[in-house]
Amino acid sequence: MNERIKIFDEVDWTTIILYLVLIAFGWLNVFASSYNSEQFRTIFDLQRNYGDQLVWILISFVMIILVFALDHRFYHFFAYPVFAMMILMLVAVLVFGKEVNNSRSWFSIAGFNLQPSEFVKPATALALARYLSTFNVRLNSWKPITISGLI
């Protein structure tokens, strides 16, 4: 019996194609809104907004591959530690953060500005999913609803 791995059969190609089309249109919109014929050298110019956007698009592709390559048990095991670390980053930004527009909510690391609240969002979703996936958690009483609200 000849069995082959059917990885590509399990992929939702419609969603991937729509995602790539949205990325392409978004990148073209950034290009069109910041286009200046006098300063234009190439569409891949990293000194312009569209070049910078392309770098982040490529980084996101690498991150997508890494996220899907990890086993689901990795997320289950590290959900609470990552959530705790992100909460500590929120507290740390109040002390060590850089003030931008009268708000101390940024870290300045190696020339990059980093806003920890953006990392807390997926960490919260991961921790909440971990809690709700535990055995005997049903949202028909106050205890699980309260714990979910606290997360």
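So here's what we get for this one:
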quantity: Checklist (1) closer than 29 Å to A127 by Cα; (2) out of contact with any Lys or Arg (no Cβ under 9 Å at 6 or more places or on another chain); (3) among the charged types (D, E, K, R) applied to K98, failing item; calculated: (2)
quantity: Lone qualifier among F78, F107 - being out of contact with any strand residue (DSSP E or B) (no Cβ under 9 Å at 6 or more places or on another chain), surrounded by 12 or more Cβ atoms within 10 Å (Cβ to Cβ) and farther than 22 Å from G149 by Cβ; calculated: F78
quantity: Which listed residue, of V55, V62, is out of contact with any helix residue (DSSP H, G or I) (no Cβ under 8 Å at 6 or more places or on another chain), β-branched (V, I, T), in a helix (DSSP H, G or I) and open to solvent by 60 Å² or more (accessible area, probe 1.4 Å); calculated: V62
quantity: Unmet requirement for F107, which otherwise passes all of (1) touching a Gly at 6+ places or on another chain (Cβ under 7 Å); (2) among the aromatic types (F, W, Y); (3) closer than 26 Å to L22 by Cβ; calculated: (3)
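The values are calculated or read from the model by the stated rules, or taken from the named source; none is laboratory data. The shown structure was predicted, so the numbers you read here are calculated from the model rather than taken from an experiment. So basically every Cβ, Gly included, is an ideal-geometry build from the backbone, and we count neighbours across all protein chains shown. Just so you know, the surface numbers come from the protein's heavy atoms only, side chains and all, with ligands and any DNA or RNA stripped out. Shrake-Rupley method; radii C 1.70, N 1.55, O 1.52, S 1.80 Å.
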